[in-house]
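Below: the structure, in structure tokens.
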There are 2 protein chains.
Amino acid sequence: MSELLLRAEKWDGEDPLAGKRSAFVLDDVVYLDGNSLGALPAGVPGRVEDVVRRQWGELRIRSWEESGWWTAPERIGDRIAPLVGAAAGQIVVGDSTSVNVFKALVAAVRMAQSAGSGRDEILVDATTFPTDGYIAESAARMTGCSLRAVVPGEVPAALSGRTAAVLLNHVDYRTGRLHDLPALTAAVHAAGAVAVWDLCHSAGALPVGLDEHGVDLAVGCTYKYLNGGPGSPAYLYVRAELQDRFDSPLPGWNSHVEPFGMRASFEPAPGAVRGRVGTPDILSMLALEAALEVWDGVSIEAVRAKSLALTDFFLECVGAYVPEGRVESVTPAAHEERGSQVALRCADAGDVMKRLIEGGVVGDFRQPDVLRFGFTPLYVGFADVERAARVLAEVLR
Amino acid sequence: MSELLLRAEKWDGEDPLAGKRSAFVLDDVVYLDGNSLGALPAGVPGRVEDVVRRQWGELRIRSWEESGWWTAPERIGDRIAPLVGAAAGQIVVGDSTSVNVFKALVAAVRMAQSAGSGRDEILVDATTFPTDGYIAESAARMTGCSLRAVVPGEVPAALSGRTAAVLLNHVDYRTGRLHDLPALTAAVHAAGAVAVWDLCHSAGALPVGLDEHGVDLAVGCTYKYLNGGPGSPAYLYVRAELQDRFDSPLPGWNSHVEPFGMRASFEPAPGAVRGRVGTPDILSMLALEAALEVWDGVSIEAVRAKSLALTDFFLECVGAYVPEGRVESVTPAAHEERGSQVALRCADAGDVMKRLIEGGVVGDFRQPDVLRFGFTPLYVGFADVERAARVLAEVLR
């Protein structure tokens, strides 16, 4: 047995999160795609069956009250809150990430402009997952702003008295680079603008500290490190002090102060509820609620410590096993710049990923030449990591 | 046994849709709230279990291709299409009704304005379910239009060369009044404007004829007469000839011509797919797909015929059983003006509905004084109708 595998087994034996693996439905595949779709938490199927058969099938319409359907968006938001460093009452769950980016960014521009400042420019992360850029373009068009794409490191230099809002990703979906949320948020604020963060690739993998760092608005999906299931609803964070100024471009009946009053004119609800729109998607939402129970007793700091150990170890094993020059990491080596994934540039990456999957190691391929491996500390162990690197080396030989 | 009950039993025995009742999970309650939340189709629990345990739990990320997750929005749209008189390729499922109203109405205004017409007014149904009005106000604000609320019957007189788009409900959620979709659409077109219809209270209850009547855009929910489950995703119809001009305010990565190309600039997909936004909500969406199987072999004309017979019979039974003057129908008597519900104005309607529900008859209460009863022809029978009227009379005595 190799020294690396021996070390992996020792670390797995000492891992305080090792017991969480049994809270998921897993097989003998090494699943390193939890940054795309988290694995199934074992408690979800039973909960979903209850929601479908009893809550819908038997109680029917009564479940809007009796089964807590109506208040699910804010209740589940409060369950996510501690994972991203937010106090209760600031997060609602619902809609897709794209739709929430639209709400957040338009509302951010309106906050900046309501000060009578004439701010008319949105800055967007030039390395963003595409949907944020497309939605930012629409938000700019519909608020009369211009849009400028800049890489996160250059945001401080690009800020000006014209900047209304800045949309940034906490972790780059392709490279796994972690951006400096505290410093960038502070820079945005110093310029008098509003900061909107996309947490899709950080929430559930590392501490975010939304309240601590004074983030204004944030959005994120729940089907990656939060394991909510395919296309599970996204969430929207609006900092408590800004909620009264949150002027949504999607004011649906669910965000009305009196939704069943059936009033002709819109009067927004106070609090996080203001971020709701239409009728919440109950099946997906309550599957997410069950999925979030795996976080009971887990500290996000412990998750971060294990995540860094896993990605460090993967880079070490790749260095030891994979023939020189066949792959190149595009993920930063510095811990403070690394999310919970490793991205390797590789010739024929699409084919290589197919063969890896055939070999029992599931990551994914991102255009044009990246092998992407996500490390979910709740269910990935060190022996998995060693095996993934070993199979990768076999495929590349 | 009363003559009415005898007649009900005779009609139930002759009902060609009677066999469909066994396709639903029902108990001995008379469920007349299918216009709020449809009953559970018997095939749904097993399908959802497969989606959760096998597709998500075992295949995980592979299901995006292997289980047809990626193409679900347009595939399920094509399953809804014949129910609303649309050829394939014009409907996508996803997001809430409110969000789809926003997409449709903004896109409608852009279509009207792209002709260089300077049209700058949106007309909205003054009797609409509130969310449509709130969203219309936002759409007007964000497209530089003014908004005018008019009752549907006065739309023809309100149309002018300034009208960009008109948002109407096919059936009034409160009174059950059916509006004249063919004539109103023709009037909107004659004025050079774009017609957007909300089908929430008509789809699955009566023929809509979207293609036949040249409707431009339409939206609808799937949890009422389509029985998709609580908060199941809504749908968006864009007439084929208009799809190239559909300029969405929510251009997410799912509506990109090459979604996995990860391009920085947005290029919209052709066809109905252009109406998609973010990652589809798979659990709710595939529950809906299973729910739609109850429509196999059902003609919407047969559904309409039974619906009218049910509402006629309910009004007759109410007239026979309920003490004179205690209720007043606000639903039109004329068939061509009636949807699939009966709304009765009644003193203390909230309390009366509570006691009805205790008596095993489930309808709902709408502010300020309306008892609302929805008749779903796939699972409501004539004896149910007679019993509902009888219990109502007991409660009111």
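The values are calculated or read from the model by the stated rules, or taken from the named source; none is laboratory data. All figures in this text were calculated on a predicted structure; none of them were measured in a lab. Cβ atoms come from the backbone with ideal geometry, glycine included; neighbour counts cover every protein chain shown.
Conditions (1) farther than 26 Å from residue B:302 by Cβ; (2) surrounded by 24 or more Cβ atoms within 10 Å (Cβ to Cβ); (3) within 14 Å of chain A (Cβ to nearest Cβ), marked per residue:
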| residue | (1), (2), (3) |
| --- | --- |
| B:180 | no, no, no |
| B:183 | no, no, no |
| B:195 | yes, yes, no |
| B:213 | no, no, no |
| B:220 | no, yes, yes |
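Taking residue A:297 as the residue in question, decide whether it is surrounded by fewer than 19 Cβ atoms within 10 Å (Cβ to Cβ), closer than 24 Å to residue A:204 by Cβ and free of Cβ contacts under 8 Å to residues at least 60 places away in the same chain.
Here the answer is yes, as residue A:297 does meet what is asked.
Quick one: count up the residues across region B:342-388 that are on the phi > 0 side of the Ramachandran plot and either under 24 Å from the mean Cα position of the chain (by Cα) or away from every other protein chain (no Cβ under 14 Å) (or both).
Qualifying residue count for the region: 1.
Hey, among the residues in region B:85-95 that are touching a residue at least 12 places away in the same chain (Cβ under 8 Å) and at negative phi, which one's farthest from the other protein chains (Cβ to nearest Cβ)?
B:87
The rows are residues; the columns are (1) farther than 22 Å from residue A:202 by Cβ; (2) touching a residue at least 12 places away in the same chain (Cβ under 8 Å).
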{"residue": "A:344", "(1), (2)": "no, yes"}
{"residue": "A:354", "(1), (2)": "yes, no"}
{"residue": "A:359", "(1), (2)": "yes, yes"}
{"residue": "A:366", "(1), (2)": "no, yes"}
{"residue": "A:369", "(1), (2)": "yes, yes"}
{"residue": "A:375", "(1), (2)": "no, yes"}
{"residue": "A:385", "(1), (2)": "no, yes"}
{"residue": "A:391", "(1), (2)": "yes, yes"}
{"residue": "A:394", "(1), (2)": "yes, yes"}
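I'd like to know if region B:43-55 contains one or more residues that are in a loop (DSSP other than H, G, I, E, B) and without any contact (Cβ under 8 Å) to a residue 12 or more places away in the chain.
no
Kindly indicate whether any position in region A:314-330 is in contact with a helix residue (DSSP H, G or I) (Cβ under 8 Å, 6 or more places away or on another chain), within 28 Å of residue A:215 (Cβ to Cβ) and more than 14 Å from chain B (Cβ to nearest Cβ).
No; the residues of region A:314-330 include none that is in contact with a helix residue (DSSP H, G or I) (Cβ under 8 Å, 6 or more places away or on another chain), within 28 Å of residue A:215 (Cβ to Cβ) and more than 14 Å from chain B (Cβ to nearest Cβ).
Quick check on region A:236-276: of everything there that is within 13 Å of chain B (Cβ to nearest Cβ) and of a type in the set (Ser, Thr, Tyr), which residue is nearest to the chain's Cα centre (by Cα)?
A:248
From the list A:82, A:45, A:73, which residue is surrounded by fewer than 18 Cβ atoms within 10 Å (Cβ to Cβ) and either away from chain B (no Cβ under 12 Å) or more than 27 Å from residue A:339 (Cα to Cα) (or both)?
Numbers: A:45 fails: surrounded by fewer than 18 Cβ atoms within 10 Å (Cβ to Cβ); A:73 fails: surrounded by fewer than 18 Cβ atoms within 10 Å (Cβ to Cβ).
Within the list A:82, A:45, A:73, the selection yields A:82.
Across region B:99-137, what is the total count of residues that are closer than 20 Å to residue B:235 by Cα and either without any contact (Cβ under 8 Å) to a residue 40 or more places away in the chain or outside the structural domain of residue B:249 (by TED's automatic domain parsing) (or both)?
Count: 6.
Mind checking which residues of region B:163-203 are assigned to a helix (DSSP H, G or I) and among the aliphatic types (A, V, I, L, M)?
Residues satisfying the conditions are B:181, B:183, B:184, B:186, B:187, B:188, B:190.
If I filter region A:1-42 down to residues being in a loop (DSSP other than H, G, I, E, B), over 28 Å from residue A:354 (Cβ atoms) and modelled with pLDDT of 95 or more, which single residue comes out as farthest from the other protein chains (Cβ to nearest Cβ)?
A:16
Out of region B:69-123, which residues are over 16 Å from residue B:292 (Cβ atoms), part of a loop (DSSP other than H, G, I, E, B), hydroxyl-bearing (Ser, Thr, Tyr) and modelled with pLDDT of 95 or more?
B:96
The rows are residues; the columns are (1) surrounded by 24 or more Cβ atoms within 10 Å (Cβ to Cβ); (2) of a type outside the set (Val, Ile, Thr); (3) not in a helix (DSSP H, G or I).
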{"residue": "B:263", "(1), (2), (3)": "no, yes, yes"}
{"residue": "B:278", "(1), (2), (3)": "yes, yes, yes"}
{"residue": "B:304", "(1), (2), (3)": "no, yes, no"}
{"residue": "B:308", "(1), (2), (3)": "no, yes, no"}
{"residue": "B:336", "(1), (2), (3)": "no, yes, no"}
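Take the residues of region B:127-159 that are touching a Lys or Arg at 6+ places or on another chain (Cβ under 9 Å) and in a loop (DSSP other than H, G, I, E, B): which is farthest from residue A:266 (Cα to Cα)?
The extreme case among them is B:145.
Quick test of your reading of the structure: residue B:226 fulfils all but one of (1) more than 19 Å from residue B:378 (Cα to Cα); (2) within 14 Å of another protein chain (Cβ to nearest Cβ); (3) aliphatic (A, V, I, L, M). Name the failing condition by number.
(1)
On the given criteria, is residue A:291 in the same structural domain as residue A:375 (by TED's automatic domain parsing), of a type in the set (A, V, I, L, M, F, W, C) and either within 17 Å of residue A:205 (Cα to Cα) or in a strand (DSSP E or B) (or both)? Break it down into steps so the answer makes sense when it comes.
Working: in the same structural domain as residue A:375 (by TED's automatic domain parsing): no; of a type in the set (A, V, I, L, M, F, W, C): yes; either within 17 Å of residue A:205 (Cα to Cα) or in a strand (DSSP E or B) (or both): yes.
No, not satisfied.
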